[in-house]
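See below for the structure under consideration.
The values are calculated or read from the model by the stated rules, or taken from the named source; none is laboratory data. Predicted model, so just to flag it, every value in this text is computed and none were measured. Note that we place each Cβ from the backbone using ideal geometry, even for glycine, and neighbour counts take in every protein chain shown. These accessible areas exclude ligands, DNA and RNA; they are computed on the full protein's heavy atoms, side chains included. Shrake-Rupley method; radii C 1.70, N 1.55, O 1.52, S 1.80 Å.
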Amino acid sequence: MKSRLLIYLPLLLLGFTILSCEKDENETKPDFSLKQSDQIPDEIYDIYSLVINEKYSSKKIVIVQATKTSIDLKYENNFYDYLIKNYQDFDTSLVQIHEDLNENSVNFGEQFHSDTKEIILISSDELLYIFDSQDLNADWKEFYNDYENSNGIIRFSRIAFNENKTQAIFEIGHSYASLGGEGSIIYLKKKNNIWTIIKIISTWIS
């Protein structure tokens, strides 16, 4: 069961389903527009951008516009035990807040920022178009043809804050090949009015 889960986790965490039909090789790719973005505070984009800049070395970052949902996150919940056991001041209310918050997804706008990276949003519709066959290797080749030099596809959960907004957690799913990907929990604290990454916990690797 564990090995089977590792095979499917990259796509589970992207939150889309592989369709059985295949495109015509001569088909022109449609122009996929992003959905209307939700109202998301600048501070939240600042936190995501901080992690992007510190965690990933690639110069091109592709982010799924829609956030992960609780269904996508169910495999990672047990890893919060690590934070509870190893950080005495970890606000345990964050775990339930994070789960409840991610019952519904939101759509990002283009407010991510980096001085050294190109950050691109990709819609769920475009992902469905690219990953439309049962040949994942071919689908990933198509993706990299469209997004050359990127590090694959990144999807975030919504960020949960404790009551006094001094601690935060969220999760990342990063897929880059048919059997290549990883999941992470990000734990942050606000010190002197600046958010700092305290721990990045790896939850799965395939």
Quiz item: How big is the charge dipole of the chain about its Cα centre, in debye rounded to the nearest 20, if each Lys and Arg gets +1 on its Cβ and each Asp and Glu gets -1 on its Cβ?
Solution: 880 debye
Quiz item: What net charge is computed for the residues neighbouring residue 149, neighbours being all others with C-beta under 13 Å from the C-beta of residue 149, Lys and Arg scored +1, Asp and Glu -1?
Solution: 0
Quiz item: How high is the relative contact order of the chain, given as a whole-number percent (alpha carbon pairs under 8 Å, six or more residues apart)?
Solution: 29 percent
Quiz item: Roughly to the nearest percent, how much of the accessible area of the range 114-206 is carbon and sulfur, given a 1.4 Å probe?
Solution: 44 percent
Quiz item: Using a cut-off of 30 Å between alpha-carbon atoms, which lysines can reach residue 29, once sequence neighbours fewer than 8 places away in the same chain are excluded?
Solution: 59, 60, 68, 117, 141
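Compute the longest continuous run of the chain that contains no exposed GluC sites (Glu not before Pro); treat a site as exposed when its DSSP state is not H, G, I, E or B and it has at most 11 other Cβ atoms within 10 Å. Present the calculation step by step, with values, prior to reporting the outcome.
Working: sites that count: 25, 27, 103, 148, 163.
Answer - 28-102.
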Quiz item: Hey, quick one: spin label on residue 198, modelled 7 Å out along Cα-Cβ, who in the range 77-101 has an amide N within reach, i.e. under 17 Å?
Solution: 79-99
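Per residue, how many Å² of accessible area does the chain show with a 1.4 Å probe? Intermediate results must be reported in sequence, preceding the final value.
Working: 11040 Å² over 206 residues.
Dividing the accessible area of the chain by its residue count gives 54 Å².
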Self-check item: Label-zone membership for the range 26-47, site residue 115, 7 angstrom Cα→C-beta point, backbone N under 17 Å
Solution: 46-47
